[in-house]
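The values are calculated or read from the model by the stated rules, or taken from the named source; none is laboratory data. Given the structure is predicted, the values throughout are model-derived calculations rather than measurements. Here the Cβ is made from the backbone with ideal geometry for all residues, glycine too, and neighbour counts use every protein chain on show. These area figures cover heavy atoms from the full protein model, side chains too; ligands, DNA and RNA do not enter into them. Shrake-Rupley method; radii C 1.70, N 1.55, O 1.52, S 1.80 Å.
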Amino acid sequence: VHGRGRALVTAIVSGAVLASLATTCLAASDTWPVTLTPGNNGEAAAVGLTVTGVTVACATQAGQVTVSWDPIDVPAGYEVWQETGASTTAPYVTVASDLATDTWTSTALGPGTYRFAVSAGSWHSWTSMLSTPTTAVVVEPTPPTCSVG
Amino acid sequence: MAAHRRKRSRTSKIGAAAIGTIMAGAAAYAATNWVVGLTSGSNGEGKSMAITTLTITAVSSPSPVNQMYPGSDGDVVVTITNGNTFPVTVTAVNLPTETTYAAGFTTATLATTRSGCSSTTSLVRWNYSTATTGSSHTLHAPITIGAGSSVNVTLTNDAAMSTTSPSACEDTFFSMPSLTGISATSANHGTTATSGTVTDYWSS
């Protein structure tokens, strides 16, 4: 009688353990829709168009200069701006626009001191500020020579 | 006679096991059927487990790798926190409508609003959102979060910027529209909880 009682208890406990495991595993497979309160969200960011790495060099042709810059990583067109004069406060004027490349060569420049800057325009009217200006490039009159810095 | 006793003993054991099974099943159901604190709209009642405390928050770190410009998609960075006492696996998210837009801010801490780039003008929305609020979008890979733990998740290209988003939204950080819900399960046995930072997405 004593042995049978122990067997009975063992069987009940075993059954309970098995059922408990099965119930928990079944529960694990349920998918629950959970409503979120306002404020459960995330963060994203939009690019800032900035042109960097703008440099100027004398071109092979006398009086011409080549301006180069680092391309930005979104579809964009570029504008090259030129400042004429020894002063660094003279206004910049556009000398090339809608460029798809990351380099531009001028026509022969007259004697003078020049600085250049570049801006980028993406689709749909997004534009960058002017880049940091290049160092000055000086074009001498006779014979036309070019020197940077 | 002995054979008869053995048969009766086996029958008793089977019967006892069955009783144990029923008792334990009832007890387990009673123990796991608590539905605590679900907000209105949740329809989990009557099932055997309740997942109640999950939050999704905007975070500035790590920075989104893919940043938006007009007509493009960008990453969304979130932290998912599991406040439950058991691991949870997140399988899908529910989005607001496609005309619910993000608000723009000048810094990654989302402290100062960007003039001209508000939740009415930015035209930045969750990617694949529809005209219906609460549309469900399945994650490419389920994310398992340990009990009382958090996971940083970069949702690759799950924000979208309209081709006509204003230039005021340039160089801007966005607080995305609130998600309306998520789908989750209690984690299966043996599932390893995700830790640290993971990348995931939905694509439809």
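Restricting attention to region A:75-94, does a residue exist that is touching a residue at least 40 places away in the same chain (Cβ under 8 Å), in a loop (DSSP other than H, G, I, E, B) and closer than 30 Å to residue B:102 by Cα? Checked region A:75-94: at least one residue is touching a residue at least 40 places away in the same chain (Cβ under 8 Å), in a loop (DSSP other than H, G, I, E, B) and closer than 30 Å to residue B:102 by Cα.
For residue B:154, the conditions (1) open to solvent by 30 Å² or more (accessible area, probe 1.4 Å); (2) at pLDDT 95 or above; (3) more than 19 Å from residue A:38 (Cα to Cα) all hold with the exception of (1).
Filter region A:59-84 for residues that are among the hydroxyl-bearing types (Ser, Thr, Tyr) and surrounded by fewer than 21 Cβ atoms within 10 Å (Cβ to Cβ); which is nearest to residue A:112 (Cα to Cα)?
So, considering only residues that are among the hydroxyl-bearing types (Ser, Thr, Tyr) and surrounded by fewer than 21 Cβ atoms within 10 Å (Cβ to Cβ), the one nearest to residue A:112 (Cα to Cα) is A:84.
Taken as a whole, the structure places residue B:55 among residues that are open to solvent by 50 Å² or more (accessible area, probe 1.4 Å) and facing chain A (nearest Cβ under 7 Å). Are any of the residues in region B:180-193 more than 10 Å from every other protein chain (Cβ to nearest Cβ), open to solvent by 10 Å² or more (accessible area, probe 1.4 Å) and under 22 Å from residue B:66 (Cα atoms)? No, the conditions are met nowhere in region B:180-193.
Among the residues making up region B:58-84, those that are at the interface with another protein chain (Cβ under 7 Å from one of its Cβ atoms) and more than 12 Å from residue B:108 (Cβ to Cβ) are B:68, B:69, B:70, B:71, B:74, B:75, B:76, B:78. Within region A:97-149, being modelled with pLDDT under 90, in a strand (DSSP E or B), closer than 14 Å to residue A:79 by Cβ and open to solvent by 60 Å² or more (accessible area, probe 1.4 Å) holds for one residue alone: A:127. Sub-7 Å Cβ pairs linking a first residue in region A:55-68 that is on the phi > 0 side of the Ramachandran plot to a second residue that is in a loop (DSSP other than H, G, I, E, B), at least 6 apart or interchain, are A:63/A:108; A:63/A:109; A:63/A:144, ordered by first then second residue.
Taken as a whole, the structure places residue B:44 among residues that are within 7 Å of chain A (Cβ to nearest Cβ) and at pLDDT below 85.
Taking the stated definitions as given, is residue B:132 away from chain A (no Cβ under 12 Å), in a loop (DSSP other than H, G, I, E, B) and crowded, with 22+ Cβ neighbours inside 10 Å? Taking the combined requirement at face value, the residue does not satisfy it.
When region A:36-90 is filtered for residues that are within 14 Å of chain B (Cβ to nearest Cβ) and farther than 30 Å from residue B:60 by Cβ, only A:77 remains.
Residues in region A:41-70 that are in a loop (DSSP other than H, G, I, E, B), of a type outside the set (Val, Ile, Thr) and farther than 30 Å from residue B:110 by Cβ: A:53, A:59, A:61, A:62, A:63, A:64, A:69.
If the condition is being within 17 Å of residue B:155 (Cβ to Cβ), in a strand (DSSP E or B) and open to solvent by 20 Å² or more (accessible area, probe 1.4 Å), then region B:80-122 contributes B:81, B:91, B:94. For residue B:165, the conditions (1) farther than 20 Å from residue B:109 by Cα; (2) crowded, with 23+ Cβ neighbours inside 10 Å; (3) more than 8 Å from chain A (Cβ to nearest Cβ); (4) not basic (Lys, Arg) all hold with the exception of (3).
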